[in-house]
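One structure is given below, encoded as structure tokens.
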Amino acid sequence: MIARLAAAERRADAAEQLLQRLTDDMPGQVYEMRKASPEAPYLFTFVSAGVSVHSITPAEAIASPTRINE
């Protein structure tokens, strides 16, 4: 069971890395936002390198979504 979980995590990591590589070369910004509940704020679950037009990194946008509007 643990081996299956580890294999699934490796596949998920590889898929995320592929998505990052594909979207980093696209013009503009690619992102996914989610909202846990109607009262919760929106959160980024994925942000491409195109977010740099806002002078922040994808990691910074995910950590603090409101920075895009600053």
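Number of residues in region 36-58 that are out of contact with any strand residue (DSSP E or B) (no Cβ under 8 Å at 6 or more places or on another chain) and open to solvent by less than 90 Å² (accessible area, probe 1.4 Å): the value is 8.
Per-residue answers, yes or no, for (1) of a type in the set (Val, Ile, Thr); (2) within 15 Å of the chain's Cα centre (by Cα):
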site	(1), (2)
19	no, yes
30	yes, yes
35	no, yes
39	no, no
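Restricted to region 1-35, and to residues that are among the basic types (Lys, Arg) and under 24 Å from residue 70 (Cα atoms), which residue is most open to solvent (accessible area, probe 1.4 Å)? So, considering only residues that are among the basic types (Lys, Arg) and under 24 Å from residue 70 (Cα atoms), the one most open to solvent (accessible area, probe 1.4 Å) is 34.
Show the residue pairs meeting these rules: Cβ distance below 6 Å; 6+ apart or different chains; first residue within region 7-24 and touching a residue at least 24 places away in the same chain (Cβ under 8 Å); second residue assigned to a helix (DSSP H, G or I) and among the aliphatic types (A, V, I, L, M). Once the first residue is touching a residue at least 24 places away in the same chain (Cβ under 8 Å) and sits in region 7-24, its partners that are assigned to a helix (DSSP H, G or I) and among the aliphatic types (A, V, I, L, M) give 24/49.
The values are calculated or read from the model by the stated rules, or taken from the named source; none is laboratory data. Just so we're clear, the structure is a prediction, and the values are computed from it rather than from any experiment. Virtual Cβ from ideal backbone geometry, glycine too; neighbours counted across all protein chains shown. Each accessible area value is taken on the protein alone, full model and side chains, heavy atoms only, with ligands, DNA and RNA left out. Shrake-Rupley method; radii C 1.70, N 1.55, O 1.52, S 1.80 Å.
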